[in-house]
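J.: Please read through the structure below; I'll follow up with questions.
The values are calculated or read from the model by the stated rules, or taken from the named source; none is laboratory data. Predicted model only: the values in this text are computed from it and were never measured. A quick note on method: Cβ atoms are made from the backbone with ideal geometry, for glycine too, and the neighbour counts reach across all protein chains shown.
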């Protein structure tokens, strides 16, 4: 995702934007590695509620929602929640790994290989978060900043 264009789209999303979304279809599969080399495979997360969050280190709304994602993951991971942060940063791990360490992100973070965002509908703005139910179906999508209350409500209603 090109940074200049995405910054404008990212900024516009502070107010939130919703497009038509077709829920209850299978979530596009992906298998990507973390900076430690661990593979995150969506198919292997079946049986868990999965939040797939497309984000970037330079995106203000992305940065703003990360503390809530960290807290919710800590609170609900033992109850069946998994969060996967998919970074769309152009410079890869050289930007993302220090960011993950600095902010102490406790959920798996992977890099988009270019095809994942396309598979999820050509992500046109970040942050964009998809909710994947325990059967692997897309049940919701949120474009823009996810406030803590909304995030927790989505988690509770889908666990």
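J.: Does residue 124 qualify as being out of contact with any strand residue (DSSP E or B) (no Cβ under 8 Å at 6 or more places or on another chain), over 11 Å from residue 53 (Cβ atoms), part of a helix (DSSP H, G or I) and at pLDDT below 95? Don't jump to the end; show me each part of the working.
T.: On the way: out of contact with any strand residue (DSSP E or B) (no Cβ under 8 Å at 6 or more places or on another chain): yes; over 11 Å from residue 53 (Cβ atoms): yes; part of a helix (DSSP H, G or I): no; at pLDDT below 95: yes.
Answer is no for this residue.
J.: So residue 24 clears everything in (1) surrounded by fewer than 20 Cβ atoms within 10 Å (Cβ to Cβ); (2) over 17 Å from residue 116 (Cα atoms); (3) at pLDDT 95 or above; (4) in contact with a strand residue (DSSP E or B) (Cβ under 6 Å, 6 or more places away or on another chain) except one condition, right? Which one?
T.: Failing condition for residue 24: (3).
J.: Spot the failing condition for residue 95; the list is (1) in contact (Cβ under 8 Å) with a residue 12 or more places away in the chain; (2) closer than 22 Å to residue 153 by Cβ; (3) surrounded by fewer than 20 Cβ atoms within 10 Å (Cβ to Cβ), and only one is missed.
T.: (2)
J.: Next question, about the same structure. Going by the structure shown, is residue 47 closer than 19 Å to residue 139 by Cα, outside any strand (DSSP E or B), over 17 Å from the mean Cα position of the chain (by Cα) and modelled with pLDDT of 60 or more? Spell out the reasoning first.
T.: Details: closer than 19 Å to residue 139 by Cα: yes; outside any strand (DSSP E or B): yes; over 17 Å from the mean Cα position of the chain (by Cα): yes; modelled with pLDDT of 60 or more: yes.
Yes; evaluated as a whole, the condition is true for this residue.
J.: So, in the stretch 68-91, of the ones that are in a helix (DSSP H, G or I) and without any contact (Cβ under 8 Å) to a residue 60 or more places away in the chain, which residue ends up surrounded by the fewest Cβ atoms within 10 Å (Cβ to Cβ)? Reasoning before the result, please.
T.: So the first thing to find is which residues in the stretch 68-91 are in a helix (DSSP H, G or I), and the list is 68-79.
Filter once more, so that each one left must be without any contact (Cβ under 8 Å) to a residue 60 or more places away in the chain: 70, 73-75, 77-78.
Working: 70: 16, 73: 19, 74: 12, 75: 12, 77: 14, 78: 7.
Within the stretch 68-91, the match that is surrounded by the fewest Cβ atoms within 10 Å (Cβ to Cβ) is 78.
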